[in-house]
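Chemist: For reference, the structure I am asking about is given below.
The values are calculated or read from the model by the stated rules, or taken from the named source; none is laboratory data. Note that the coordinates shown come from a computational prediction; the quantities given were computed from them, not determined experimentally. When we count neighbours, we look across all protein chains shown, and the Cβ atoms used for this are built from the backbone with ideal geometry, even at glycine.
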Amino acid sequence: MTPEVGNTEPMSTAATSATIEWIRALPKVELHVHLEGSMSVQTVASLIDRHQLDSSSIWPDGLPDRFSFDGFPDFAKQFFFGLSLLRTGDDLATITADLAATLASQNVRYAEITTTAFTHFLAKGDRQGMAAEEYRDGLNEGRRRAAELGVDIGWVIDIPRDIEMPESAVTIDYLESNATPDGLVAIGLGGYEVGFPAAPYAEHFARARAIGLHSVPHAGETEGAESVRSAIDDLDAERIGHGVRCLEDPELVAELVDRAIMLEVCPTSNDLLQVIDTIDDHPLPRLRKAGLRVCLNTDDPGWFATDLVNELTVATERLGVGLGDHLSMQRDAVAASFASPATKRQTLLALDAISDSDQGPHA
Ligand SMILES: [Zn+2]
C-alpha cells in the first residue's frame, strides 16, 4: 500500500513498512547531530582495534550489539570512553565518513554536524591533545568523503558549558584562527545546563558572530524557559538546540513564534536522558500546536541507537505527525539551515518532486 502523502492525521498504530520506506526515501536534512555522539558499535570496535585499547573496564562482557545505559552517569562513562578513542585526524575522518554513510542510506542530503573541538585539543589520560591543524584536516577529509556519498556537511563547533570559563576561551580563540575546517557555519553551546547559564558566554558568541558564524546554542533541555530566554537575549540564538521546555513560559513561546526561531527537537534523546517521562508525553504536538518552528533530529545517534528515519517514524506513530507534515517540516528545516544556496535549492527541488508526485512516494 502506498501511503497518502497529504495525510496529516496522526497514526495511532505502528507505521506500516510502506510508511517507513516513504520516510526513508524522503529527502531530508538534519540540523542537530553530534559527531562524537554518532559512533556506532562497529565504529567503536574498529577504533579500539586501531589503537589496541582495552575496553573491558567499560564493557566487561565485550562490546554490546547496541549501546544502552542505566541513567546519565552510566551514559557519560561510555560516552567519555568513546571520546578517548578519537586520537588522530584519521579517526575524525573515519567517524565522519561512517556517519555520512548512515545519513546517505536515509537520503539525508545535508547535515549540520556539531563537534566539540575543545575535547580533542585537551590531553587526557594516555591520550595526547590533537593539534588544531590535525583536527581541521581530519574534518576536511571526512567532509570530502561525505560529499562523495552525496551528503553535504556544515560544521557547528560548540563550547562545552560545563568547563571553567578560561578553558572555554580555547574554542573561541580557535574559531578565530586560520585552522578551522571547510564548511564551518555556526557556534554552539553544549553540555549540562543546570548550574551553567548561557550569559557568561555572551562575549564568546559576539566574537563568533563578528566573524560570520551563526548562533545555535542548546537550551531548554535540562533547564527551563529561562535558559531559552537567555540563549536568545544573551547569545542571539538563531535556532535552539532542544528548547522543548520553552512551553513553561507563554510569553517566551510567543516571542519564539514571532521571531521564527526554530527548535531542534530530538525525541529519543529526550526520552533516554529523562527530559520527559515517556515518549508519549513528548511535547512535540504542543510545540507544533503553539505554532513553533520545529525540526526532528537524532542528537547522539550512535549512543542512542537511533537514526533520523526512526525519529520521523516515532513522530508519526506516537506524536501525531502525518506524512504531509514531514514534507513541510523538511522544507522548513532546509530554510532554517545554513546550507549553501545550491544545496538548499537542490534539496527543495527533491522535496518538490515528492510532493508533486501523484503516484505516491515510490514513483
Ligand atoms: Zn545536542
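Chemist: Right, Ile276: of a type in the set (A, V, I, L, M), more than 23 Å from Leu103 (Cα to Cα) and more than 16 Å from the ligand (Cβ to nearest atom) or not?
Modeler: no
Chemist: Would you point out the residue of region 100-133, among those that are among the acidic types (Asp, Glu) and surrounded by fewer than 16 Cβ atoms within 10 Å (Cβ to Cβ), that is farthest from Ser337 (Cα to Cα)?
Modeler: Asp126
Chemist: Further question on the same structure: How many of the residues making up region 12-43 are part of a helix (DSSP H, G or I), more than 15 Å from the ligand (Cβ to nearest atom) and within 30 Å of Gly62 (Cα to Cα)?
Modeler: Selection size over region 12-43: 3.
Chemist: Looking at Ala111, Ala76, Ala100, Ala147, can you tell me which residue is part of a helix (DSSP H, G or I) and in contact (Cβ under 8 Å) with a residue 24 or more places away in the chain?
Modeler: It is Ala100.
Chemist: Now, a different point. May I ask you to list the residues in region 150-193 that are at pLDDT below 95, assigned to a loop (DSSP other than H, G, I, E, B) and within 20 Å of the chain's Cα centre (by Cα)?
Modeler: Arg161, Asp162, Gly191, Tyr192, Glu193
Chemist: Still on this structure, I have one more. Of everything in region 222-270 that's more than 12 Å from the ligand (Cβ to nearest atom) and small (Gly, Ala, Ser), which residue is farthest from Glu203 (Cα to Cα)?
Modeler: Ala254
Chemist: With the condition kept exactly as written, say whether any residue in region 200-219 is outside any strand (DSSP E or B), buried (at least 19 other Cβ atoms within 10 Å of the Cβ) and of a type in the set (Lys, Arg).
Modeler: Taking every residue of region 200-219 in turn, none turns out to be outside any strand (DSSP E or B), buried (at least 19 other Cβ atoms within 10 Å of the Cβ) and of a type in the set (Lys, Arg).
Chemist: Separate question: Hey, any hits in region 141-150 for a residue that's in contact with a Gly (Cβ under 7 Å, 6 or more places away or on another chain), surrounded by 19 or more Cβ atoms within 10 Å (Cβ to Cβ) and more than 29 Å from Asp271 (Cβ to Cβ)?
Modeler: Yes, region 141-150 contains at least one residue that is in contact with a Gly (Cβ under 7 Å, 6 or more places away or on another chain), surrounded by 19 or more Cβ atoms within 10 Å (Cβ to Cβ) and more than 29 Å from Asp271 (Cβ to Cβ).
Chemist: Let me ask something additional. Out of the residues in region 248-276 that are in a helix (DSSP H, G or I) and surrounded by fewer than 19 Cβ atoms within 10 Å (Cβ to Cβ), which is nearest to the chain's Cα centre (by Cα)?
Modeler: Val257
Chemist: Let me ask something else about it. Out of (1) at positive phi; (2) within 16 Å of the ligand (Cβ to nearest atom); (3) modelled with pLDDT of 95 or more, what's the single condition that is false for Leu296?
Modeler: Only one criterion is unmet by Leu296, namely (1).
Chemist: Restricting the search to region 26-52, which residues are of a type in the set (D, E, K, R) and under 30 Å from Thr347 (Cβ atoms)?
Modeler: Matches in region 26-52: Lys28, Glu30, Glu36.
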